[in-house]
1. Does segment 111-120 contain any residue that is surrounded by fewer than 16 Cβ atoms within 10 Å (Cβ to Cβ) and under 18 Å from Ile160 (Cα atoms)?
2. Does Ile199 satisfy the condition of being at pLDDT 70 or above, on the phi < 0 side of the Ramachandran plot and either touching a helix residue (DSSP H, G or I) at 6+ places or on another chain (Cβ under 7 Å) or not in a helix (DSSP H, G or I) (or both)?
3. Please enumerate the residues belonging to segment 90-141 that are touching a residue at least 24 places away in the same chain (Cβ under 8 Å), among the hydroxyl-bearing types (Ser, Thr, Tyr) and either under 14 Å from Met174 (Cβ atoms) or outside any helix (DSSP H, G or I) (or both).
4. Determine whether Ser86 is outside any helix (DSSP H, G or I) and at negative phi.
5. So if I check each of Gly179, Gly228, Gly169, which one is within 30 Å of Leu108 (Cα to Cα) and modelled with pLDDT of 75 or more?
6. Hey, can you tell me all the residues within segment 39-78 that are modelled with pLDDT of 75 or more and among the aromatic types (Phe, Trp, Tyr)?
7. Given (1) at pLDDT below 90; (2) touching a Lys or Arg at 6+ places or on another chain (Cβ under 7 Å); (3) closer than 18 Å to Val478 by Cβ, identify the lone condition not met by Thr423.
Amino acid sequence: MSKPSVFKFREKFHKRWLSYSLRQKIRMITGPAAAAVFLAVLAALSITVFGMTGFHTILENNAKSLDFRVAIEQETRKFAGFIQDSGEENRDAYFEACQNTREALEALPYDYEKTGAARFAKTWSIKNSFETYEKKKEQFFSTDPSEDDYVRKLYEIYSIQDYLQSYAGSLQQMNEEEGNLQYRRLVPLFMVVPVCTVIFAAAAVTVIWRMNRLLERNLVQPVLELSGESNRIAQNDFSGPDLSPEGEDEIADLVRAFMVMKHSTQGYITTLKEKHEMEKQLDAVRLQMLKNQINPHFLFNTLNMIVGMAQVEEAETTEKMITAMSRLFRYNLKSTASVMPLEREIKVVEDYIYLQKMRFGSRIRYEADCSPETADLLIPSFALQPIVENAIVHGLSEKPEGGRIYIRTWMNGRKLWISVADTGIGISKERLEEIQTALIQGKEDKTGVGIGNIYRRIHTMYQDGELYLYSKENCGTVVQISFTAEGED
């Protein structure tokens, strides 16, 4: 064939190759190679089956003799364990081992024509010895341990066990020697196997080598380019050039679909960033709205109480109350930061509780145990006062005798833990489950603005932020917050 004809053939084949589907390409590559491998395997299998028929019986006999050897050794060990400890577990294990030994003995070949004189004689010796061994065991187990010949009978059994193990080993060795002899007779036949394998393998390698360039160009290279582009995109780099695969197979379709997905993902990420920025602004607005939310009943009751106290007490008490009230208002209405030092949040809570104690008197008791290392850590602003307010309004105020609020903070590794507990009336199991579900779903109409807002901000501001709510009816309620906090700059 002339060179122009070769070039025309290659060009025609290449165009046809590009029009094939991926399945057709794989078939064209693997078909000839699979045929060559199949012929090699067929030749090897034929010779192997022919050879195996020559010593299959020997191998089977060898396996059975090995089974008996293992069984008698296992029975010997179980017998020794049963003699040392005659508990139920050791007894069951020993009797099971005896059953396995009996089955292995009965499975031993006992045909003179098939086994030959030597192996038949060895098997006959094993069977006779085993019958004697069984009788000795019966005599031993019927002997009381206090009798004089108990030990003698025990060592007779040990001796017979040694003989049986020795006979089993000899029988196995005889089977192995017979197998080796048969194998040596068939060695020349097995030499044909590598020759046939090499011939057909060489044909397979030739076919594969001829198809390798097409495989590299039309299958491997597009996948490598696709992998490189996906790694770039994984690093948030969408600047890579678009891939333009040749052909109409599934790989080319996959690359084109990936390019479409690349541009769609890039647009989605841009939209997501814009949405995230809007959500941050919305959260800031919600926080400011929460800060500006003041309970009218709280203001009304507090102001009436201040007026009443001013009438019956000296001005000092009234001054303290007004000072606490002003600090609380100033923090609620003028604080614009999203985080505050924990120590400042605690002071706001103390001002609030002071005013409530003026209202409820000794019915409200407050205690704080804050680790010194947590004082300067930054927490979401206005995070504790709503929880304390819930504890008083929904927990302690409902009890005639009032109760106690206990705030505790501590560090566990790098995580800050804040616990607000009360001894109020608690929450029923059904209501607690409803609140916990509503927190996860973001339904503030089921949880109230305060606790729902805190739950959302904790999860938004901190990757590991969590809020836990525990309560038992007529016992009290505990709210715990945990997150990795940072110190004040």
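The values are calculated or read from the model by the stated rules, or taken from the named source; none is laboratory data. Computed from a predicted model, the values in this text were never measured in an experiment. We place every Cβ from the backbone using ideal geometry, glycine too, and count neighbours over all the protein chains shown.
1. no
2. For Ile199, the condition - at pLDDT 70 or above, on the phi < 0 side of the Ramachandran plot and either touching a helix residue (DSSP H, G or I) at 6+ places or on another chain (Cβ under 7 Å) or not in a helix (DSSP H, G or I) (or both) - is not met.
3. If the condition is that a residue be touching a residue at least 24 places away in the same chain (Cβ under 8 Å), among the hydroxyl-bearing types (Ser, Thr, Tyr) and either under 14 Å from Met174 (Cβ atoms) or outside any helix (DSSP H, G or I) (or both), then Thr115, Thr123, Ser125 are the ones that fit.
4. Considered against the rule, which asks whether it is outside any helix (DSSP H, G or I) and at negative phi, Ser86 comes out as yes.
5. Exactly one residue qualifies, and that residue is Gly169.
6. Phe68
7. Evaluating Thr423 over (1) at pLDDT below 90; (2) touching a Lys or Arg at 6+ places or on another chain (Cβ under 7 Å); (3) closer than 18 Å to Val478 by Cβ leaves (1) as the failure.
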